[in-house]
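Peer 1: Attaching a single structure in structure tokens format; questions to follow.
The values are calculated or read from the model by the stated rules, or taken from the named source; none is laboratory data. Note that the structure is a prediction, hence the values are computed from the model and not measured. Methodologically, a virtual Cβ is constructed for each residue, glycine included, from the backbone with ideal geometry; neighbour enumeration extends over all protein chains shown. Calculation scope for accessible area: heavy atoms of the full protein, side chains included, ligands and nucleic acids excluded. Shrake-Rupley method; radii C 1.70, N 1.55, O 1.52, S 1.80 Å.
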Amino acid sequence: GFYHSLFLKTDGSLWGMGSNAFGELGTGDTTARHSPVQIVNGGVTRFSAGGHDHSLFIKDDGSLWALGRNDHGQLGDGTTINRHLPVKVVDSGVVSVVGGGLHSAFIKNDGSLWAMGKNDEGQVGAGDWVGHVAPTKIEDSGVAKVSTLYDHTLFIKNDGSLWGVGENLFGQLGQGHNSNRNSPVQILASGVKEVSSGGGQTLVVKTDGTLWVTGKNDF
């Protein structure tokens, strides 16, 4: 994350350290930790440290849990209340999750894509510019991978196409302009294997092993 770190042990326990100003370490308080503390004692399969002070994890029953900063509804629990202990967001079926700056996104086992949180740049992808405090479905099916860091969200479909939504100030959505998008737009039609979103840029690896980039390049 931006000010905290998470790691998963082979026994399925989730640990964290660093800033805890919003309860993102799950200790029940807001005291920073300079050495690892256990957040969950087992059963965790995947996790993500959000860019600004929230944490997300999936348990082996497919449930999605979240904790930490929630002022924009990025935890998806239907509120804007910060959580110092994990709260369950989705009961089952979640296979992948990523935390953005102040929003979050996840994929379910039916290939559907969901998002919640801050949406002033359209990064939730719901076709509007207002925040969403509960998970909102963006794609019905066919989504294989999702990536987000700050204010744009990227995803790969099963057909190898790459799509993006949200901030496009630096051209990170690869559309040839810098207008933000609140609904997904296609960036590449096929052949995409991996994608990673940076703080204003997009990096893509294609199935032929070539690397492609678009977006912010001031450094």
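Peer 1: With region 1-49 as the region, which strands (runs of 3 or more DSSP E) entirely inside it contain at least 3 residues that are free of Cβ contacts under 8 Å to residues at least 24 places away in the same chain? Even if it seems obvious, please write down each step before you answer.
Peer 2: Values: elements: 4-8, 14-18, 33-40, 44-49.
The strands (runs of 3 or more DSSP E) meeting that bar are 33-40.
Peer 1: Related question: Could you check how many residues of region 43-96 are closer than 22 Å to LYS9 by Cα and crowded, with 24+ Cβ neighbours inside 10 Å?
Peer 2: 12
Peer 1: While we're here: Between a first residue in region 171-188 that is touching a residue at least 40 places away in the same chain (Cβ under 8 Å) and on the phi > 0 side of the Ramachandran plot and a second residue that is in a strand (DSSP E or B) and aliphatic (A, V, I, L, M), which pairs have beta carbons less than 6 Å apart while being 6 or more apart in sequence or on different chains?
Peer 2: GLY174/ILE187
Peer 1: While we're here: Checking GLY1 against (1) modelled with pLDDT of 95 or more; (2) of a type in the set (Gly, Ala, Ser); (3) open to solvent by 20 Å² or more (accessible area, probe 1.4 Å), only one condition comes out false. Which one?
Peer 2: So the condition that GLY1 fails would be (1).
Peer 1: Let me ask you something else. Could you grab me the full set of residues in region 40-59 that are of a type in the set (Ser, Thr, Tyr) and under 12 Å from the mean Cα position of the chain (by Cα)?
Peer 2: SER48, SER55
Peer 1: Then there is this: Counting only residues that are touching a Pro at 6+ places or on another chain (Cβ under 8 Å) and not polar (S, T, N, Q), give me the strands (runs of 3 or more DSSP E) lying completely in region 63-167 with at least 1 of them.
Peer 2: Once the strands (runs of 3 or more DSSP E) in region 63-167 are filtered for at least 1 residues that are touching a Pro at 6+ places or on another chain (Cβ under 8 Å) and not polar (S, T, N, Q), what remains is 64-68, 83-90, 103-108, 113-117, 132-139, 152-157, 162-166.
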